[in-house]
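See below for the structure under consideration.
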Number of protein chains: 2
Amino acid sequence: MPTTQLSFQSRAEHRDWLSRNAALPRGFRVGTSSLTFVPVEAPKPGRMNLSLIALDRPTDAFAAKFTRNAFPGAPILIGRQRLQGAALSAVLVNNKISNVCAPGGVETAEQICGEVGRLLGRPGAEVFPSSTGVIGWRLPADAMVAALPAAVASFQSQSILPVAEAIMTTDLYPKIRRVELPGGGSIVGIAKGAGMIEPNLATMLVFILTDVQVSRAELRATLDEAVDGSFQDISIDSDTSVSDTVLLASSNVVATPDLAAFRAGVRQVCRALAGDVVRNGEGVHHVIRVLVKGAPSRQIARELGKAVVNSPLFQCAVNGNDPNVGRLVCALGKEIGIRGTPVDPSKISMSIAGECIFSQCTMRLSPAVEERLVAHLKGAELYASVPPPDGMTFKPGIDYPKHERCVEIEVSLEAGSASCEVLGTDRSHEYITENADYRS
Amino acid sequence: MPTTQLSFQSRAEHRDWLSRNAALPRGFRVGTSSLTFVPVEAPKPGRMNLSLIALDRPTDAFAAKFTRNAFPGAPILIGRQRLQGAALSAVLVNNKISNVCAPGGVETAEQICGEVGRLLGRPGAEVFPSSTGVIGWRLPADAMVAALPAAVASFQSQSILPVAEAIMTTDLYPKIRRVELPGGGSIVGIAKGAGMIEPNLATMLVFILTDVQVSRAELRATLDEAVDGSFQDISIDSDTSVSDTVLLASSNVVATPDLAAFRAGVRQVCRALAGDVVRNGEGVHHVIRVLVKGAPSRQIARELGKAVVNSPLFQCAVNGNDPNVGRLVCALGKEIGIRGTPVDPSKISMSIAGECIFSQCTMRLSPAVEERLVAHLKGAELYASVPPPDGMTFKPGIDYPKHERCVEIEVSLEAGSASCEVLGTDRSHEYITENADYRS
């Protein structure tokens, strides 16, 4: 979704780019610390990072979108209450344990928020909690409280990069996007993603900070609109997280003459971060971009795009640089046939990399077409699997995004004027390895 | 779904069991042959099997259910017409190419049916075509016609096993189920499955033969009912094939005193074959059985069960014998939250292997529970992955079904009296290997 494509030759080059884009908007301080703990539920010790994002002065200009999963985590339950409150002073994020459906989860989170408030001289109710990691386990409250002063002691107001790193779980690299506004002020967003990604109304953990003066109502409308055109349109594995959160907060320090530019800026940051999350999805070798156009509605276009990128068989074929376009047709045909989508199958055409491969219910294939499609798939590959030393444990071959090329698919329905661009991924040995024993 | 559990120590023992259950009902003959061909669309030669199932006398008692995919194959388009016809004389099945969305696919299939009819002395319109394999490629009509006489020459009326073998694609072993009816006569079914399996109204290729005298209307009602309680309730990869077909034909040779026993017999054959198809799904190490009960409707129970078995993250965890029950909760919560399923999340409880692990929105976990769940998962494993010689190409470790144990999950909704038992699978390196380059 980024308008200009980035590419990097090394981790160092990527890090350098991140650092240059990590400057905090005015009015914020951030700090991190870490701790070790032994979960109550399993005997193996783990390491957890804490991240604190604090406002110099409490703000009423904050907005958040949450998962629609029916078993939301304790931070989501609390966050929904916080949205009703008058002010936000800080956000506390931990990785490793998501505090979802754990006994006493809400009470534990409130206790820790209270302690953050005490350290900052503000009420605990102005602290927004956010957690990601294993579902069902209890937070190690005492160890977390003990690690909070170190996070406060590390406060600085220059760079969000330490936080972008500290919130990662299986992410390979931090994700930061920024927009400088023409009238002054900036918007900076960070995201953690990797797995359990098919957002619905919001996704993953995303924190977007700005110093631009915007009213609460305006801020919330802006986030609604931006999330709908970005995180809503991606899927890595069709699993909608119990912890999805996108938070936008302003320190209200910089007066803005141009609200439209602010809105466009938030949209741009959201779309770029959504693309980053997909590209750094667990085990992702290829990003697949499906543009569905000529649809009766944007919702239908999105559903058909998702049907393509969530098809396990198509995902595997793309992983193998195998242009098995029959599976593309199968995935679309399933969705249309089963949902009764109001389109005429005989009018549908499909192209890959601009090459028409299907129209009038007939494939347009030849060895020459096949050759060009294979070249396109290979060109969009981020890395190839390498046989692991133990024969089983596949590890991703990169820790930075080499390029932003995608497998480009276009589906034309000739059934209306709506469209949607959906981003998804292939399915690899690295995904299986990562998720066959995630908690160990 | 089988009521008594089978287990086998070796391929030979499984083959022996298949042979003993393969006797054809009276009034049928079967034959097979094979051919090599070079597809128009790709330069690599392939090998194809032809299977002919012929009735001694044309019958009007035949029924079929087809895929709801919006891009059905030519055999489905023709099959829907055949259902309107007066008589069925034979079924011709080929593997390797599914004849879906291929240029001139219907004409080619009709041409080959005409040739089968000529050899049998019947009209081509009494021949039912069925194809499975690569989507989009053209059938090698000339080579297929040339191989037909050999299939006819091999006709015999003893065993369906050669056909159960010849229709396989990525299946590891043939699938046959039979029921002997108390009043005389029998029902014998065969199936090919493996990938692209989330049936909708029908699935895969399944052929069920009987010699029991049943009217066409009765036969069709019986198949409707049996498919709804069997193939409709399984998923290997959520991909609904463009070729799904279940066909039931009677030679009408044996008068039956007991129509209820016949119906129950067809139901039993369908349920057992559905279980076989799942157990022999591509790369399957574990079969997952989810019983959803206390549901407002059977359809809702089925959707929730499918949401569990189609969750990539839960599939991977099961593959690693990792009882990551958080992903089970996440998968259910996604479906309920996004579809707006009319149930109260706080009333839902879940158990694995009879052990309650979730109730009142809270996990019930401990190291002891974890240990018992790991043991249950390991007990349901069919085989473990072995590091492949080339480091990349994982091959299934078995070519027969060692046992019929499942990962047993129960979800209680307390929201009604309907229930559904859904069968699904884990997700493995073998699935990725199989599907990263299926066509080569």
Selected residue (criterion: farthest from residue A:330 (Cα to Cα)) from residues of segment B:109-140 that are buried (at least 21 other Cβ atoms within 10 Å of the Cβ), within 14 Å of another protein chain (Cβ to nearest Cβ) and not aromatic (Phe, Trp, Tyr): B:139
Qualifying residue in segment B:425-434 (condition: within 30 Å of residue A:74 (Cβ to Cβ), within 12 Å of chain A (Cβ to nearest Cβ) and outside any loop (DSSP other than H, G, I, E, B)): no
Output for segment A:375-422, where each listed residue is within 24 Å of the chain's Cα centre (by Cα), within 14 Å of chain B (Cβ to nearest Cβ) and among the acidic types (Asp, Glu): A:381
Evaluation of residue A:365 against (1) part of a loop (DSSP other than H, G, I, E, B); (2) more than 8 Å from every other protein chain (Cβ to nearest Cβ) (one fails), failing number: (2)
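So for segment A:108-120 (the condition being at negative phi, in contact (Cβ under 8 Å) with a residue 60 or more places away in the chain and out of contact with any helix residue (DSSP H, G or I) (no Cβ under 7 Å at 6 or more places or on another chain)), does at least one residue qualify?
Restricting attention to segment A:108-120, the residues satisfying the condition of being at negative phi are A:108-120.
Those left that are additionally in contact (Cβ under 8 Å) with a residue 60 or more places away in the chain: A:116, A:120.
This time we only want the ones that are out of contact with any helix residue (DSSP H, G or I) (no Cβ under 7 Å at 6 or more places or on another chain), so: A:120.
Scanning segment A:108-120, I find at least one residue that is at negative phi, in contact (Cβ under 8 Å) with a residue 60 or more places away in the chain and out of contact with any helix residue (DSSP H, G or I) (no Cβ under 7 Å at 6 or more places or on another chain), so the answer is yes.
I'm checking my understanding of the structure. Among residues of segment A:43-79 that are among the polar types (S, T, N, Q) and under 20 Å from the mean Cα position of the chain (by Cα), which one is nearest to residue B:329 (Cα to Cα)?
So, considering only residues that are among the polar types (S, T, N, Q) and under 20 Å from the mean Cα position of the chain (by Cα), the one nearest to residue B:329 (Cα to Cα) is A:69.
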Filtered residue count, segment A:38-51, keeping only those that are in a strand (DSSP E or B) and out of contact with any Leu (no Cβ under 6 Å at 6 or more places or on another chain): 5
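Touching a Phe, Trp or Tyr at 6+ places or on another chain (Cβ under 9 Å) and within 14 Å of chain B (Cβ to nearest Cβ) - does that describe any residue in segment A:339-346? Lay out the reasoning, then the answer.
First, pick out the residues of segment A:339-346 that are touching a Phe, Trp or Tyr at 6+ places or on another chain (Cβ under 9 Å): A:345.
Now restrict to residues that are within 14 Å of chain B (Cβ to nearest Cβ): A:345.
Within segment A:339-346, one or more residues are touching a Phe, Trp or Tyr at 6+ places or on another chain (Cβ under 9 Å) and within 14 Å of chain B (Cβ to nearest Cβ).
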Any hit, segment B:385-408, residues being under 16 Å from residue B:314 (Cβ atoms) and either assigned by TED's automatic domain parsing to the domain that holds residue B:16 or not acidic (Asp, Glu) (or both): yes
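From the set of residues in segment A:365-382 that are among the charged types (D, E, K, R) and more than 30 Å from residue B:387 (Cβ to Cβ), which is modelled with the lowest pLDDT? Write out each step before concluding.
The first filter runs over segment A:365-382 and keeps only residues among the charged types (D, E, K, R), leaving A:370-372, A:378, A:381.
Keeping just the survivors that are more than 30 Å from residue B:387 (Cβ to Cβ) gives A:370-372.
On the way: A:370: 88, A:371: 91, A:372: 94.
If we take residues in segment A:365-382 being among the charged types (D, E, K, R) and more than 30 Å from residue B:387 (Cβ to Cβ), then A:370 is modelled with the lowest pLDDT.
Here is a yes/no grid of residues against (1) farther than 20 Å from residue A:280 by Cα; (2) modelled with pLDDT of 90 or more:
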position	(1), (2)
A:363	yes, no
A:384	no, yes
A:401	no, no
A:407	no, yes
A:413	yes, yes
A:416	yes, yes
A:428	no, yes
A:434	no, no
Any hit, segment B:284-305, residues being polar (S, T, N, Q), touching a helix residue (DSSP H, G or I) at 6+ places or on another chain (Cβ under 7 Å) and on the phi < 0 side of the Ramachandran plot: no
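Looking at A:273, A:313, which one is among the hydrophobic types (A, V, I, L, M, F, W, C) and either touching a helix residue (DSSP H, G or I) at 6+ places or on another chain (Cβ under 6 Å) or part of a strand (DSSP E or B) (or both)? Can you show your working first?
Working: A:273 fails: either touching a helix residue (DSSP H, G or I) at 6+ places or on another chain (Cβ under 6 Å) or part of a strand (DSSP E or B) (or both).
After applying the criteria, what remains is A:313.
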Tally, over segment A:68-104, of residues that are farther than 25 Å from residue B:341 by Cα, crowded, with 19+ Cβ neighbours inside 10 Å and within 14 Å of another protein chain (Cβ to nearest Cβ): 2
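Looking only at segment B:290-305, which residues are within 24 Å of residue B:401 (Cβ to Cβ) and buried (at least 24 other Cβ atoms within 10 Å of the Cβ)?
Within segment B:290-305, the subset within 24 Å of residue B:401 (Cβ to Cβ) is B:290-291, B:305.
Residues satisfying the conditions are B:290, B:305.
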Criterion (more than 23 Å from residue A:431 (Cβ to Cβ), touching a residue at least 12 places away in the same chain (Cβ under 8 Å), more than 19 Å from the chain's Cα centre (by Cα) and within 14 Å of chain B (Cβ to nearest Cβ)) met by exactly one of A:259, A:304, A:291, A:313: A:304
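Of the residues in segment A:347-362, how many are within 11 Å of another protein chain (Cβ to nearest Cβ) and in contact (Cβ under 8 Å) with a residue 24 or more places away in the chain?
Applying the first criterion (within 11 Å of another protein chain (Cβ to nearest Cβ)) to segment A:347-362 yields A:348, A:350, A:357-362.
Keeping just the survivors that are in contact (Cβ under 8 Å) with a residue 24 or more places away in the chain gives A:348, A:350, A:357-358.
Residues that pass the stated criteria total 4.
The values are calculated or read from the model by the stated rules, or taken from the named source; none is laboratory data. Only a predicted model underlies this, so the values are computations on that prediction, with no experimental measurement involved. We place every Cβ from the backbone using ideal geometry, glycine too, and count neighbours over all the protein chains shown.
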